[in-house]
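The values are calculated or read from the model by the stated rules, or taken from the named source; none is laboratory data. What you are looking at is a predicted structure, and each value in this text was computed from that prediction instead of being measured. Reconstructed Cβ throughout: ideal geometry from the backbone, glycine too, with neighbour counts over all protein chains shown.
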Amino acid sequence: MIRPVLAGAAVALAAHALPAVTTFRPVRERIAPGLSGIGEPSRIALTIDDGPHPVATPRFLDVLARGGVHATFFLLGQELVRHPELGKEIVAAGHEIAVHGWTHRMLLLRGPISTRRDITRAHEHIAEVTGVTPRWYRPPYGVLTTAAALTARELGLTPVLWTAWGRDWEKRANPDHVYDTVVKGLHGGGTILLHDSDCTSVPGSWAATLGALPRILAECDHRGLKVGPLRSHQVN
């Protein structure tokens, strides 16, 4: 009797974790290009996670405004509760808002019910505060589970990860490191992941990202790539 129970548990665990294979960029770009955020080749989608942050987010908005660029901000519900005015400011500035969850917790450590509650709560609160119904969902750490995928579909959310990132949460991060890391993975039709918050990383790490952002935008312009939010990226 014990063996069938263990076998059933193993099957359930495997089913729960199966989408997590898309965490690995080469895998997802091959089997799920839409999940990687691959879109129209002449464009780049700029996405910014983990906010809103009371100090960082206004500074990011200023840099983007000076560059005439809009982005997609993946918000955490727990941070929006603390700073609802910034959620409204992001939308008022013409940017797109999206769901990153209520808390930034690895979904492999959550059960289906907890996952559903987390995503649904964030989705509802973001829509209530900003007046805009989110279209996109990005799981914490880019690790998707079956429960998260099903919940996103029920809420009308499209999961999307990225093709290039700045590794801007690391202790060693500085503007040059963030810029160089993004550029290594930069190509037309891709999606860039950056962070405007240090709520889940090294304190003050967002400053490295902020310092790199103008150079990243300039590099995209130099390559003839139009930077914008996911909504204009025509993600497949």
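Here is a yes/no grid of residues against (1) farther than 21 Å from E96 by Cβ; (2) in contact with a helix residue (DSSP H, G or I) (Cβ under 9 Å, 6 or more places away or on another chain); (3) of a type in the set (G, A, S); (4) in contact (Cβ under 8 Å) with a residue 60 or more places away in the chain:
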position: H195; (1), (2), (3), (4): no, yes, no, yes
position: W206; (1), (2), (3), (4): no, yes, no, yes
position: L225; (1), (2), (3), (4): no, yes, no, yes
position: G228; (1), (2), (3), (4): no, no, yes, yes
position: R231; (1), (2), (3), (4): no, no, no, yes
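Regarding region 195-206, can at least one residue be identified that is surrounded by 19 or more Cβ atoms within 10 Å (Cβ to Cβ) and assigned to a helix (DSSP H, G or I)?
Within region 195-206, one or more residues are surrounded by 19 or more Cβ atoms within 10 Å (Cβ to Cβ) and assigned to a helix (DSSP H, G or I).
To keep it simple, each residue is scored yes or no on (1) hydrophobic (A, V, I, L, M, F, W, C); (2) under 25 Å from E124 (Cα atoms); (3) within 15 Å of the chain's Cα centre (by Cα).
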residue: R153; (1), (2), (3): no, yes, no
residue: T163; (1), (2), (3): no, no, yes
residue: N174; (1), (2), (3): no, no, no
residue: G185; (1), (2), (3): no, no, no
residue: G189; (1), (2), (3): no, no, no
residue: L213; (1), (2), (3): yes, no, no
residue: K226; (1), (2), (3): no, no, no
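How many of the residues making up region 44-80 are more than 21 Å from V160 (Cβ to Cβ) and touching a His at 6+ places or on another chain (Cβ under 7 Å)?
1
Could you check, for region 210-232, whether at least one of its residues is hydrophobic (A, V, I, L, M, F, W, C) and modelled with pLDDT under 95?
No, the conditions are met nowhere in region 210-232.
Considering every residue within region 151-171, establish whether at least one is of a type in the set (K, R), assigned to a helix (DSSP H, G or I), surrounded by fewer than 23 Cβ atoms within 10 Å (Cβ to Cβ) and in contact with a Gly (Cβ under 8 Å, 6 or more places away or on another chain).
no
On the basis of being of a type outside the set (F, W, Y) and in contact with a helix residue (DSSP H, G or I) (Cβ under 9 Å, 6 or more places away or on another chain), does P84 make the cut?
So P84 fits the description; yes.
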